[in-house]
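The values are calculated or read from the model by the stated rules, or taken from the named source; none is laboratory data. Given the structure is predicted, the values throughout are model-derived calculations rather than measurements. Ideal geometry is used to build each Cβ from the backbone, glycine not excepted, and the neighbour counts take in all protein chains shown.
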Amino acid sequence: MLNIRAIFNIPPILLSALVTHAYAYPDGIINDAKGASRPTYATILTGGEGCSSSGLDSIRAGFSEMITLFASAVPFDFISQPSIEFFGPSILANYTDMIASNLQRAANYGVLEGGEGPVNADVHVRCDDPMGICEVANKREGSHAAYNIGNDPHVVFCENYFKTDGLEKRVDKKAENQMDKDCLMEYYNRATVWARMVMHFSDIGRAVVQRAVPAGPNSTADWTMSVSQGAMNTSVLAGVMNERPDAPSDPETLKYAYGITQSKLLAVLSTQMSYHAANNAENYALFALAQYIVQRKGFYPAVPIMDFPNEASVLTNENIQDGERTKYAYFDMVDVVYVCLIRAEVAVR
């Protein structure tokens, strides 16, 4: 199976064919099976390459459950406990409107066919792992449940996705378990995976982008910072080192912030920028999950609580850096694959 590094060694003609295959949208629509009780949404799921009929049903069900999650997250209550724990510094830095808008655009997937309200673009789904990263993993950290092809509405679902429970089943089961009920990660489900994926779509999740640009002729500095908004990619977590760097000369690449622990640390460590939490797709998915549990069960599963004597105790603690025992993403790899870079490679040749 192809991996990211091997792709750039493919002859241009074959590479071009791969990119075309990765982005090919079939004419057909993935219709629900007869008798399906889910409502008909204005946004349509297309594609389905490599998916079994049961797999497609799980993907459709997860999409519908994701809509339920985001319906629980709007309007954005910026003073709730989950919002403070997942977005605190971003709220204080006046990114509240950006967060609220991101959540509302995701909630717009709930617009019914023929109903009123903004309609999001159709989403292409597939199960054939065209970029070959579903199986890249290790025993300790697991592997991705899904990944995006660029920031377009295009999601690849991996084997781990089909092992996750549905939203109501998972929440009901864990809320009744006295050992697990207070730990938010125990409630992670296929709707949460979907929620993270759609936040990477450029039409849904917007993020703060800062770049150094040459200063003007009247400036006393050589460089200045340009601040804008762009697609929500994957934020990194300071202090958690990547054990699989892309190159030997880059041994201290930071790991990516997946899971409850890493996502909450984005919002409490002083080493993070104030907008990092608001830039991280996982924070939105987990916040929506927390809000759903609060509304459905009447309590907030707040564990892990980010209460530690000093930051050094976090940055040197392997147990904290490892995150939860159950993983739904490979911490050493991004979940957004940039096919546009491959296209550029073809154009140059």
Within region 93-106, restricting to residues that are among the aliphatic types (A, V, I, L, M) and outside any loop (DSSP other than H, G, I, E, B), the one that is farthest from Asp77 (Cα to Cα) is Ala106
Within region 41-57, residues in a strand (DSSP E or B) and buried (at least 17 other Cβ atoms within 10 Å of the Cβ) come out as Tyr41, Leu45, Thr46, Gly47, Gly48
On the basis of being more than 17 Å from the chain's Cα centre (by Cα) and surrounded by fewer than 16 Cβ atoms within 10 Å (Cβ to Cβ), does Lys173 make the cut? yes
Here the residues within region 63-85 that are among the aromatic types (Phe, Trp, Tyr), out of contact with any Leu (no Cβ under 6 Å at 6 or more places or on another chain) and either closer than 23 Å to Val303 by Cβ or not in a helix (DSSP H, G or I) (or both) are Phe78
Would you mind stating whether Lys327 is surrounded by 18 or more Cβ atoms within 10 Å (Cβ to Cβ), within 28 Å of Asp180 (Cβ to Cβ), of a type in the set (D, E, K, R) and modelled with pLDDT of 70 or more?
yes
Log entry, pairs with first residue in region 131-142 being of a type in the set (S, T, N, Q), second being at pLDDT below 70, beta carbons closer than 9 Å, six or more apart or on different chains, reads Asn138/Glu243; Asn138/Arg244
Taking region 145-196 and keeping only residues that are over 19 Å from Lys297 (Cβ atoms), in contact with a Pro (Cβ under 9 Å, 6 or more places away or on another chain) and modelled with pLDDT of 95 or more, one is left with Val156
Of (1) touching a Gly at 6+ places or on another chain (Cβ under 9 Å); (2) at pLDDT below 80; (3) of a type in the set (Gly, Ala, Ser), Ser313 fails just (1)
Original post:
For region 95-106, does any single residue satisfy the condition of being more than 18 Å from the chain's Cα centre (by Cα), of a type outside the set (Phe, Trp, Tyr) and at pLDDT 95 or above?
Top reply: yes
Restricted to region 265-314 and to residues being over 29 Å from Asp172 (Cβ atoms) and among the polar types (S, T, N, Q), the residue surrounded by the most Cβ atoms within 10 Å (Cβ to Cβ) is Asn279
Of the listed residues (Met185, Met179, Met197, Met131), the one being surrounded by 17 or more Cβ atoms within 10 Å (Cβ to Cβ) and over 19 Å from Gly62 (Cβ atoms) is Met131
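Does region 256-270 contain at least one residue that is part of a strand (DSSP E or B) and at pLDDT below 90?
yes
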